[in-house]
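Right, one structure below, let's go through it.
The values are calculated or read from the model by the stated rules, or taken from the named source; none is laboratory data. Remember, it's a predicted structure, so these values are computed and weren't measured experimentally. We place every Cβ from the backbone using ideal geometry, glycine too, and count neighbours over all the protein chains shown. Just the protein is used for accessible areas: all its heavy atoms, side chains included, with ligands, DNA and RNA removed. Shrake-Rupley method; radii C 1.70, N 1.55, O 1.52, S 1.80 Å.
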Amino acid sequence: MAGKKDRYLNRWIAVAKASQFAPGSQTCAVVDGAGIAVFNVDGALHAIENACPHAHAPLSEGYVEGTHVVCPWHAAVFDLATGELIEGPCHRGVKRYNVKTEGDEILVEIPQE
């Protein structure tokens, strides 16, 4: 029988196939109704919430400059490694998710609430 604290364990959810996600790739996955933008920057994987806090633009459609993504609508800039807002019309950064590969699966860690 599962203990009470098991309800609060984080889950790792498959969001893409590693073999189909070359450096320079980016995509969006929907997990539990929330959009998660996943980026492969020179082989390093990053995952952040997909909606820009300013006007809810899809960050997965943004332009990547180094380890930053530029919002496609109003040019807010976010750090892919931390989710921090670098510049732009927003007042906050975006949520960042842990990401890893296992075999051919790219997995994102989803916190249980």
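Things worth noting here:
- Residue within the range 27-47 that is outside any loop (DSSP other than H, G, I, E, B), open to solvent by less than 40 Å² (accessible area, probe 1.4 Å) and farther than 19 Å from ILE110 by Cα present: yes
- Failed condition for GLY24, given (1) in contact with a Cys (Cβ under 6 Å, 6 or more places away or on another chain); (2) over 20 Å from ILE110 (Cβ atoms): (1)
- ARG7 meets the stated requirement of being over 10 Å from the mean Cα position of the chain (by Cα), farther than 22 Å from GLU102 by Cα, open to solvent by 40 Å² or more (accessible area, probe 1.4 Å) and modelled with pLDDT under 95.
- Test: residue in the range 56-63 that is farther than 26 Å from GLN112 by Cβ, at pLDDT 95 or above and touching a helix residue (DSSP H, G or I) at 6+ places or on another chain (Cβ under 9 Å): no
- Check on GLU65, acidic (Asp, Glu) and open to solvent by 40 Å² or more (accessible area, probe 1.4 Å): yes
- Residue within the range 80-97 that is touching a His at 6+ places or on another chain (Cβ under 6 Å), over 18 Å from PRO23 (Cβ atoms) and open to solvent by less than 50 Å² (accessible area, probe 1.4 Å) present: yes
- All conditions but one from (1) modelled with pLDDT under 95; (2) touching a Gly at 6+ places or on another chain (Cβ under 9 Å) apply to HIS91; the one that does not is (2).
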